[in-house]
Amino acid sequence: MSLHWPKAGVNHVGEFQASGHTFVVTGSANIIKLKYVASSITMSVVSGSDLDATFYDSSHTAMPFTVPSGTTARFKGKFLTFNIPVGMDALVEITNIPSGSYLIPSGSQIHSI
């Protein structure tokens with residue numbers, strides 16, 4: 001076994017895809033700030049009506065997505081900060097990439113209308 005594994009990151013796609021840990025989150029009013037980059041988040045509405053999952057960009061701008069009641073939605077990408085309300089649970093796939101190694105662009109850097 002090697003003592004010098006390459007660090008997972010943008011230039012090491014294999015490590016990004018293969019590394020990971022599962023983190024379960026139940027809904028609350030708290031904003032979840034991850035210490036490692038998440039590669040996907042699967043959210044389920046377990047009680048109540050349609051609920052909004054909220055993701056945050058680097059400037060902490062909220063981007064809500066509605067998950068219909070009784071359904072599950074999987075969001076694939078790179079995530080550091082999110083919130084789910086009471087009545088929603090999430091299964092977060094965490095990579096080995098430290099959050100300080102990745103800067104999420106702001107929404108205004110990604111698009112223009």
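Collect the residues in the range 25-38 that are in a strand (DSSP E or B) and surrounded by fewer than 14 Cβ atoms within 10 Å (Cβ to Cβ), keeping them in residue-number order. Reasoning before the result, please.
Narrowing the range 25-38 to residues in a strand (DSSP E or B): 25-26, 32-38.
Residues satisfying the conditions are Thr26, Lys33, Lys35.
Look at the range 71-89: where a residue is under 15 Å from Ala38 (Cβ atoms) and a partner is charged (D, E, K, R) and surrounded by fewer than 17 Cβ atoms within 10 Å (Cβ to Cβ), sitting 6+ places away or on another chain with Cβ atoms under 8 Å, you get Leu80/Lys33; Thr81/Lys33. Filtering the range 57-73 to residues that are of a type in the set (Ser, Thr, Tyr) and either farther than 22 Å from Ser99 by Cα or crowded, with 18+ Cβ neighbours inside 10 Å (or both) leaves Thr66, Ser69, Thr71, Thr72.
The lone criterion from (1) without any contact (Cβ under 8 Å) to a residue 40 or more places away in the chain; (2) loosely packed, with under 14 Cβ neighbours inside 10 Å left unmet by Thr54 is number (2).
For (1) within 14 Å of Val24 (Cα to Cα); (2) touching a Ser or Thr at 6+ places or on another chain (Cβ under 9 Å); (3) assigned to a strand (DSSP E or B), each residue gets a yes or a no:
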| position | (1), (2), (3) |
| --- | --- |
| Ser40 | yes, no, yes |
| Ser44 | yes, yes, yes |
| Ser59 | no, yes, no |
| Thr66 | no, no, yes |
| Leu80 | no, yes, yes |
| Leu91 | yes, yes, yes |
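Yes or no: Ser99 surrounded by 11 or more Cβ atoms within 10 Å (Cβ to Cβ), at pLDDT below 90 and in contact with a Lys or Arg (Cβ under 6 Å, 6 or more places away or on another chain)? Here the answer is yes, as Ser99 does meet what is asked.
The values are calculated or read from the model by the stated rules, or taken from the named source; none is laboratory data. The shown structure was predicted, so the numbers you read here are calculated from the model rather than taken from an experiment. Cβ coordinates were reconstructed from backbone atoms using ideal geometry, including for glycine residues, and neighbour counts include every protein chain displayed.
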